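This report concerns only the one structure given below.
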Amino acid sequence: MRTLNLRSGLTMPIAMRQKLFVFTSAALCFAVLNVFGQGGRLAHQYTIQISSEARLNDPLLEALRRDEQLAYFETIDRIAGLYTLRFQERMTALDEQRWFENRRWIKTRQPVYPLQTRGCNPNDSAYFGQYGMELMKFDEVWCYKTDGISPLGDTLVVGVIDNGFSFGLEELYPNVYCNRAEVPDNGLDDDQNGYLDDYYGLNARSSNEGDDHIPDSHGTQVLSVIGARGNNQKGITGTNQHIRMLLCSAGTSDQLLKCYYYFIRMKREYLSSGGDRGAFMVSSNLSAGFDGYFPDDLPLVCQVYDSLGQAGILSPVATINENMDIAVAGDIPGLCPSNFMLTVTNSDRFDQKVFEAGYNAIHVDLSACGEEILMYNRFGELKEESGCSFSSPHVAGAIAQLYQFCPKLTLLNKQDPSAAALQMRKFILEGGDPLPTLAGLTSSGRRLNAFKSLAALNEFCLGNLPEDPLFELLPTLGLGIFRLKFAPKSFGNYQVRGFNAAGSSIYSKDLSYAPDVPSELEIDASDWPSGIYYLRVEGGGQSFSRPFAKFHE
């Protein structure tokens, strides 16, 4: 049995309980790309420009100021003939239209819109002490989505393993995963997942299991990086302003394995139950490890990362806090030969590799900011700390953040979880910023860039979309029926399949199509429950997909 070493650069001591609607092509990529969209117009308010003759007509302008249909009428610039007005609340849109039609001397009118700022920084009081969020471009991803929900409606979950956690802190507790299928503290395995009282995760350090996590600053700091509640005018924000973090306490190698297999069980429960039980876990973080050891010393630990990957969980881990080649110094799990793991080293605000951080051109994958990171300690105090321990949670958080956007990737995680995890690994590594200081010291030579990884995800998500309308879904509102129009480019047999948000197949039909001959298939979805669905057509070397939503009125 080996003891886990924390990787914060500091020695830490060992919580509280803390109709049918078919999406457009753009929506298939990012269901919320229009989150910036124009703000709603201000009701009853207009800016007008009047004719040059009317500008000199003082009685006319005075009459407007006394008009009982207007709540106010004010000058913007008299020379330009610009004025702003607001109708009384009782006025309908038709009333307002008629009012304008009776005043032909109004040359132009436009509604008044609220001016929107173009930055996406949260309003948390200490946010500007978090240099890494902007350096790694989390702030640019926040411009599009921050709710922690996948495009198919899944609550995204990050697994976190550490010595313990003070997760009842005001800024952390709302983002902690709660197992609603379990009754807390009754000594029973209510959800029959094999674990007792895992309401707020699992304490693998306790022989009684349960979720009585020991308060610990290191684990609390890691939670801060991943998921401190954001944009609430308090303290800091995590990489994800809204997320769910599934906690597991461990201090030895066997306890670590118990945590990882707990995560695997929770993910499999989610997939097998269609989301009724378990957790939709997409990443896990370990900011600890076994210094001086090699894969032959801990083969079972190394094996577990492939098992996590088979469940669609990609696992960033922190490397050692020493300026040493980990292949010489020894580092588990950093040296484990799994493509479902990302070994992360530490870089600073100047994009330099921190001196006291491990490296290897094969086994260390990338860096993330982990130096002078502002986080909550176990007492809820904001303190700066440093270490690889705080680099890897940025990567784990980025993985979850990216899963908010692409229904294609979400569905892949449900149907072929390992393929989704490998795709996400590719997005993270290829999206990083190349740093000369990392050349020859990491496999990618890059530092995490969440926004560039989002761009890579975007290309993947658009990959199966036809350039011309060969594939259309046409809903028949009110009847629960839609028509598939499909004009393939080659002869062949094609399979039409429908999936629900959990990835379960609910419709299948085999058809033969001729090239460039539009064909229609009528699909009766009248008895399908409300929700998000996905239709795929495959065959003839082609693949086309569309998400759609069904709502009962």
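Computed over region 45-111, the Cα gyration tensor eigenvalues convert (square root of 5λ each) into semi-axes of 19, 12, 11 Å, ordered from largest to smallest. Modelled label positions at A126 and D77, each set 7 Å beyond Cα in the direction of Cβ, lie 4.6 nm from each other.
Divide, for region 151-249, the radius of gyration over alpha carbons by 2.2 N^0.38 Å, where N is the residue count. Spell out each step's value before the answer.
Numbers: Rg = 13.6 Å, N = 99, 2.2 N^0.38 = 12.6 Å.
Taking the Cα Rg and dividing by 2.2 N^0.38 Å, one obtains 1.08.
Given R0 = 41 Å, the distance between the Cβ atoms of D510 and T155 translates into a calculated FRET efficiency of 0.70.
For region 132-462, calculate the relative contact order in percent as a whole number, restricting contacts to Cα pairs under 8 Å that are 6 or more residues apart. Each step should come with its number before you reach the end.
Working: 859 pairs, mean separation 66.0, N = 331.
Averaging sequence separation for qualifying contacts and normalising by length gives 20 percent for region 132-462.
Label positions at T47 and L60, each projected 7 Å from the Cα along the C-beta direction, are separated by 2.1 nm. On full extension, the segment bounded by E520 and E68 gains 157.0 nm, given 0.36 nm per residue less the C-alpha separation. The antiparallel fraction among DSSP beta bridges confined to region 193-345 stands at about 20%.
Given N residues in region 219-293, what is Rg(Cα) / (2.2 N^0.38 Å)? Its radius of gyration relative to the 2.2 N^0.38 Å reference: 1.29. S453 sits among other residues whose Cβ lies under 15 Å from its own Cβ, and their net charge, with Lys and Arg +1 and Asp and Glu -1, is +1. Out of region 78-158, which GluC sites (Glu not before Pro) are coil in DSSP terms and have no more than 10 other C-beta atoms within 10 Å? Of the GluC sites (Glu not before Pro), the ones in loops of region 78-158 whose Cβ has at most 10 other Cβ atoms within 10 Å are E89.
Please figure out what share of the DSSP beta bridges in the chain is antiparallel and state it in percent, rounded to the nearest 5. Present the calculation step by step, with values, prior to reporting the outcome.
Details: 67 of 94 bridges.
The antiparallel fraction comes to roughly 70 percent.
Mind checking which aspartates and glutamates have their C-alpha under 18 Å from K485, skipping anything on the same chain fewer than 8 residues away? Within the straight-line cut-off, K485 pairs with E467, D468, E472, D510, D516, E520, E522, D524, E538.
Around the amide H of A204, modelled in the peptide plane, lie the amide H atoms of S249, all under 5 Å away and 5 or more residues distant in sequence or on another chain.
In this structure, D185 and D276 have a Cβ-Cβ separation that, at R0 = 25 Å, corresponds to a calculated FRET efficiency of about 0.65. Percent of Cα pairs in region 313-364 per distance bin of 5 Å, from zero to the largest separation: 5, 24, 31, 22, 13, 6, 0. Length gained on full extension, E372 to D527, computed as 0.36 nm times the residue gap minus the Cα-Cα distance: 50.2 nm.
Annotation for F350 and E459: the two label points, set 7 Å from Cα along the Cα-Cβ direction, are 3.3 nm apart. Using just its DSSP H runs of length 4 or more, each adding -39500 (n - 2.57), the chain gives a mean residue ellipticity at 222 nm of -7000 deg cm²/dmol after division by all residues.
Restrict the search to region 344-448; then list the chymotrypsin sites (Phe, Trp or Tyr not before Pro) that DSSP places in a loop and that have at most 14 other Cβ atoms within 10 Å of their Cβ.
Numbers: sites: F350, F355, Y359, Y376, F379, F390, Y403, F405, F427; in loops: F350, F355, F379, Y403, F405.
Sparse-neighbourhood loop chymotrypsin sites (Phe, Trp or Tyr not before Pro): F350, F355, F379.
In a DSSP loop and with at most 13 other Cβ atoms within 10 Å, the GluC sites (Glu not before Pro) in region 358-441 are E381. Stokes-Einstein diffusion for the chain at 37 °C, viscosity 0.692 mPa s, with a Kirkwood radius from C-alpha pairs, works out to 127 µm²/s. The phi-based Karplus calculation (6.51 cos²θ - 1.76 cosθ + 1.60; θ = phi - 60°) puts the 3J(HN,Hα) values of region 417-430 at x, 5, 5, 5, 4, 5, 4, 5, 4, 4, 4, 5, 6, 6 Hz, whole numbers, x for Gly and Pro. The lysine pair count for region 132-462, using Cα distances under 23 Å and pairs eight or more places apart or on different chains, is 23. In terms of overall dimensions, the C-alpha atoms belonging to region 132-462 reach 54, 44, 40 Å along their principal axes, ordered largest to smallest.
Here, each number is a calculation from the coordinates, and none is a lab measurement. These numbers come from a predicted model, not from an experiment. Here the Cβ is made from the backbone with ideal geometry for all residues, glycine too, and neighbour counts use every protein chain on show.
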